[in-house]
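Working notes, structure below.
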Amino acid sequence: MASAKLPENRWAWVEVDLGAVRRNTRAFKALLRPRAQLMCAVKADAYGHGAVECARAMLSAGASQLAVATVDEGVELRRAGLGCPILMLNESPLESVGTLLEYQVMPSVYTTDFAFAYAEKAVGMGLVGKYHLAVDTGMTRIGVLPEDVVEFRRMIDFHRGIECAGTFTHFATADVIGDWDFRQQGSRFSEAVAALQGAGLETGLVHCDNTPGTVLHPEFHFDMCRAGIGLYGLQPSETCAPRISLEPAMSVRGRVTRVVTPAVGEGVGYGLTYRVVKPNTQIATVPMGYADGLARSLSNHMDVLVNGARARQVGRICMDQFMFAQDLSGLRGYRSVSPVQHGDVVTVMGRDGDEFIGADEIARLRGTINYEVTCNFGIRLDKVYV
Ligand SMILES: *Cc1c(COP(=O)(O)O)cnc(C)c1O
């Protein structure tokens, strides 16, 4: 649990283990050929973990490039002094091209309008704007269609203001082993790259594998892999778990702000959806709620850890607070339960003694994926780096 300084102003926080981020990064780097680069997806504030700190940890552990989703995310990294190549995994509004050039954030390009706006601005600024060409091989999200890549490049390449630094696609089903659609995307991408090369066009770095692709499909590593979720220690799917061992980097904790032992029949929280059923049931309050990413749909379904044991969250999760029950009426499994006290540390996600609640457990209860769970916890909680 936290050895670093806890936030002074709030009894709820996210702990990020940067050592785990570094070890996970090294584990991914070790999967690659020595010459292949590792690009780290630090979009959405590094999936809620804090973009600048995680980016530094990843670069110190062998990664060489970063990927973001928005212009502002790229600018934040540059302002923090990070000098490596940064790719924005998208186009942005035409009005933003000056900012991209000023901060040297490479866009992913797939429309001529964007390419020309970017190129012309670059010429005006006396620069050459680097970009990566996005190819849509079957996910139907962004990119030029494979059959159009050569023509697209010929339409924009005459412009001296831009330079292609990479060519990439994104897989929709990289986590499925032996998937026909995955193979189809892979061969469409390989053919598009071959067509560009055959036409004498510079592809720059060729890349397509995300976390599950990197783990399961080394034949598609090409010049670079783009890993995200795995660097934070989470598995993108059960298919990857046997292939790489990872350490979750994020824990979410708070402290108890109030404890009472209400009479049987008293209710808890909005709508009084939980009522005390046994005498000697403590109801404890933690100052963390759905505005902190603790989804309201978890109400009355999730556990928390306190003093090394599980306790049931009860009542509706509020915007800024939730309650849990500590049943002191007897034994809970083989473990006797100690009373909860004001100030006790409560673990919503992470380890406490022998007990562990992972992002996957929370995701399952919410009907979502671990990615969304960590992104959401990043919204408002203070971050403590350990
Ligand atoms: C987010 C993203 C990644 C990283 O995906 P993970 O599943 O987290 O590894 C890679 N490439 C693109 C285009 C992405 O949007």
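Here are the numbers:
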| quantity | calculated |
| --- | --- |
| Selection count where residues are within 13 Å of the ligand (Cβ to nearest atom) and polar (S, T, N, Q), scope region 14-56 | 2 |
| Residue within region 1-20 that is closer than 30 Å to Gly204 by Cβ and buried (at least 19 other Cβ atoms within 10 Å of the Cβ) present | no |
| Tally of residues being surrounded by fewer than 17 Cβ atoms within 10 Å (Cβ to Cβ) and over 16 Å from Ile229 (Cβ atoms) across region 367-386 | 5 |
| Condition met for Thr70 (of a type outside the set (Phe, Trp, Tyr), more than 16 Å from the ligand (Cβ to nearest atom) and either in contact with a helix residue (DSSP H, G or I) (Cβ under 8 Å, 6 or more places away or on another chain) or at pLDDT below 95 (or both)) | no |
| Which numbered condition Pro248 misses (of (1) touching a Leu at 6+ places or on another chain (Cβ under 7 Å); (2) outside any loop (DSSP other than H, G, I, E, B)) | (2) |
| Given (1) within 16 Å of the ligand (Cβ to nearest atom); (2) in a loop (DSSP other than H, G, I, E, B); (3) of a type in the set (Gly, Ala, Ser), number of the condition Ala263 does not satisfy | (1) |
| Strands (runs of 3 or more DSSP E) fully within region 48-119 counting 2 or more residues that are in contact (Cβ under 8 Å) with a residue 60 or more places away in the chain | 65-68, 105-109 |
| Within region 76-116, tally of residues that are within 16 Å of the ligand (Cβ to nearest atom) and closer than 19 Å to Ala55 by Cβ | 11 |
| Odd one out for Ala61, checked against (1) of a type in the set (Gly, Ala, Ser); (2) buried (at least 16 other Cβ atoms within 10 Å of the Cβ); (3) closer than 15 Å to Met224 by Cα | (3) |
| Any hit, region 9-23, residues being of a type outside the set (D, E, K, R) and in a loop (DSSP other than H, G, I, E, B) | yes |
| Of the criteria (1) more than 10 Å from the ligand (Cβ to nearest atom); (2) under 22 Å from the mean Cα position of the chain (by Cα); (3) over 23 Å from His132 (Cα atoms), which one Trp180 fails | (2) |
| Some residue of region 12-28 being over 21 Å from the mean Cα position of the chain (by Cα) and over 22 Å from Leu246 (Cβ atoms) | no |
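The values are calculated or read from the model by the stated rules, or taken from the named source; none is laboratory data. What you see is a predicted model; the values in this text were computed from it and never measured. Reconstructed Cβ throughout: ideal geometry from the backbone, glycine too, with neighbour counts over all protein chains shown.
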